[in-house]
Amino acid sequence: MKKSIQRTVQVLSLALFVVLLIKGKVQLWMAIFVASTLLALLFSRFYCGWICPINTVIRPISWAKKKMKIKRMKMPSWIERDWLRYLTLILFLATMGFVFKTGKKLPVLPALLGLGVLLSLLFDEALWHRHLCPYGTILSFTGRFSKKAMRIDGELCNNCHRCSRVCPSNAIIKDEKHQIIKKECLVCHECERVCTKDAIRYR
């Protein structure tokens with residue numbers, strides 16, 4: 001039931017994004033993102049897992065690649081460095097500032113959508129979600145303080161690695177037991193769906 005609701009919200013959000021894009025009312029979508037960023041203080045990065053049009057397009061691509069056993073290119077190690085993540089964010093903010101100040105209509109959001117899809121065709125989708133997406137970087141700032149988040153019950157977890165294998169943002173790490181890095185979690189519930197011990201919940 002939860003999965004069907006989530007997919008419905010994703011499709012409707014994607015449709016709204018396309019309509020606003022066609023009508024030239026991107027500012028309304030940015031207002032939705034800003035509201036989601038503030039709400040992340042309470043509910044974590046639900047925007048990424050439920051609303052983001054880029055993620056909505058990327059997920060079926062990743063599913064198809066897995067079914068067809070298409071090999072992914074190895075992610076370069078230098079991409080994982082934080083400076084690149086913040087440089088991407090600075091360039092994004094500078095571009096958006098230029099657009100709002102000058103009124104020029106640059107295809108910033110369509111370009112990000114195309115880039116996210118292209119990179120996910122070639123590499124693991126974590127490359128985009130965790131290291132390059134400027135939206136994700138912004139949400140990670142407020143998401144780290146969220147009251148509600150995906151959590152793993154250490155007493156129930158048996159370290160089977162199912163959750164870490166399906167996490168699209170590599171947000172699950174293993175210490176003594178598996179743990180979810182709250183600020184990197186997309187709240188996509190993929191980990192919860194594959195857990196056979198009912199150890200993962202959004203709470």
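The values are calculated or read from the model by the stated rules, or taken from the named source; none is laboratory data. This one's a predicted model, so the numbers in the text were calculated from it and none came from an experiment. For neighbour counting, all protein chains shown are included, and Cβ atoms are generated from backbone atoms with ideal geometry for every residue, glycine included.
General observations
- Qualifying residue in the range 89-97 (condition: among the β-branched types (Val, Ile, Thr) and either within 17 Å of the chain's Cα centre (by Cα) or farther than 18 Å from Gly116 by Cα (or both)): no
- Selected residue (only one of Ser44, Ser62, Ser4 is small (Gly, Ala, Ser) and on the phi > 0 side of the Ramachandran plot): Ser44
- Of residues in the range 1-55 being touching a residue at least 40 places away in the same chain (Cβ under 8 Å) and basic (Lys, Arg), the one farthest from Glu192 (Cα to Cα): Arg45
- Residues being crowded, with 19+ Cβ neighbours inside 10 Å and touching a residue at least 60 places away in the same chain (Cβ under 8 Å) are represented in the range 114-121 by at least one member.
- Restricting attention to the range 68-98, the residues that are small (Gly, Ala, Ser) and modelled with pLDDT of 90 or more total 1.
- So Arg201, is it in a strand (DSSP E or B) and either in contact (Cβ under 8 Å) with a residue 12 or more places away in the chain or in contact with a His (Cβ under 6 Å, 6 or more places away or on another chain) (or both): yes
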